[in-house]
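Structure, as structure tokens:
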Number of protein chains: 2
Amino acid sequence: MNRVYEALAHPTRRQILALLRQCDRSAGEIADHFDISKPTLSGHLRLLREAGLVYGERRGTSIIYHLHVSLLEESLGALLDLFRIGDARPPDPVQPSSPPRHDHE
Amino acid sequence: MNRVYEALAHPTRRQILALLRQCDRSAGEIADHFDISKPTLSGHLRLLREAGLVYGERRGTSIIYHLHVSLLEESLGALLDLFRIGDARPPDPVQPSSPPRHDHE
DNA sequence: AGTATATTTCGGTTATTAGCTAACAAGGGA
DNA sequence: TCCCTTGTTAGCTAATAACCGAAATATACT
């Protein structure tokens, strides 16, 4: 499980997952979308593979990468379950003195 | 957004979020659940704060930490949206030659 | 002011990660 | 077999992250 979160922590890897959601692609086709060397991209793919989020199927000289949808689903489910938004937490009893500032992005 | 994923990448920080889901707690009470030094824990709390997942409210000499539920909800929503399990992806046309091994954990 | 408690910041060490180039392996075709 | 294409591994450096003890800050109480 930890590996899934670590894999999601890098923007390039999240983008790879987004690309693979559109369609399966070879490592080279994925590389075309980024401005990094092939070995670096290969490393990202390895991490995604080790996290179980993706798997590669050799076709000729290429390796076609696929999203491992079921594990992704499972992971997101676990995340939702961990925090289970919207239940089991009483509403904040009072207005906190320092209202949360929300200046993200 | 990136900060949220980075914050979730460390098991201690995920556990802090889980503790805060149960109830609000001071930094010291959180520290009691871990076997790490207070400065290290303070660093984890700072990252969670910077990611917007958590906020601290001073009460006397303590600082009470709260889950910032709305941002957490928002983040999970974005994640679900990014992958949007279950639509926009045609079923895999053929059985891949190397079935995904699923030996995680 | 002085002391006690709670938490963070500072300074430094060690471990991990991201990136590169160069070298290697696997497959397909002349 | 030889070569070309595609990807991965090896070896390195630079940047980042995790961790600690010591010092600093903030608040409360006497």
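The values are calculated or read from the model by the stated rules, or taken from the named source; none is laboratory data. None of the values given here were measured: they were computed from a predicted structure. Counting neighbours? That spans all protein chains shown, and the Cβs are built from the backbone with ideal geometry, glycine included. Just the protein is used for accessible areas: all its heavy atoms, side chains included, with ligands, DNA and RNA removed. Shrake-Rupley method; radii C 1.70, N 1.55, O 1.52, S 1.80 Å.
Data overview
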| item | result |
| --- | --- |
| Output for the stretch A:7-49, where each listed residue is away from DNA strand C (no atom under 11 Å from the Cβ) and surrounded by fewer than 15 Cβ atoms within 10 Å (Cβ to Cβ) | A:A18, A:Q22, A:C23, A:G28, A:E29, A:D32, A:H33 |
| Yes/no for B:I64 being open to solvent by 60 Å² or more (accessible area, probe 1.4 Å) and not in a helix (DSSP H, G or I) | no |
| Hey, A:E73 open to solvent by 60 Å² or more (accessible area, probe 1.4 Å), acidic (D, E) and either at pLDDT below 95 or not in a helix (DSSP H, G or I) (or both) or not | yes |
| Boolean, A:V4 is away from DNA strand D (no atom under 12 Å from the Cβ), open to solvent by 30 Å² or more (accessible area, probe 1.4 Å) and facing chain B (nearest Cβ under 9 Å) | no |
| Residues within the stretch B:16-61 that are near DNA strand D (Cβ under 10 Å from one of its atoms) and assigned to a strand (DSSP E or B), tallied | 2 |
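Conditions tested, residue by residue: (1) within 12 Å of chain A (Cβ to nearest Cβ); (2) over 30 Å from A:V69 (Cα atoms); (3) under 18 Å from the mean Cα position of the chain (by Cα).
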position	(1), (2), (3)
B:A27	no, yes, yes
B:I30	no, yes, yes
B:K38	no, yes, no
B:S42	no, yes, yes
B:L53	yes, no, yes
B:G56	yes, yes, yes
B:L71	yes, no, yes
B:G77	yes, no, yes
B:L80	yes, no, yes
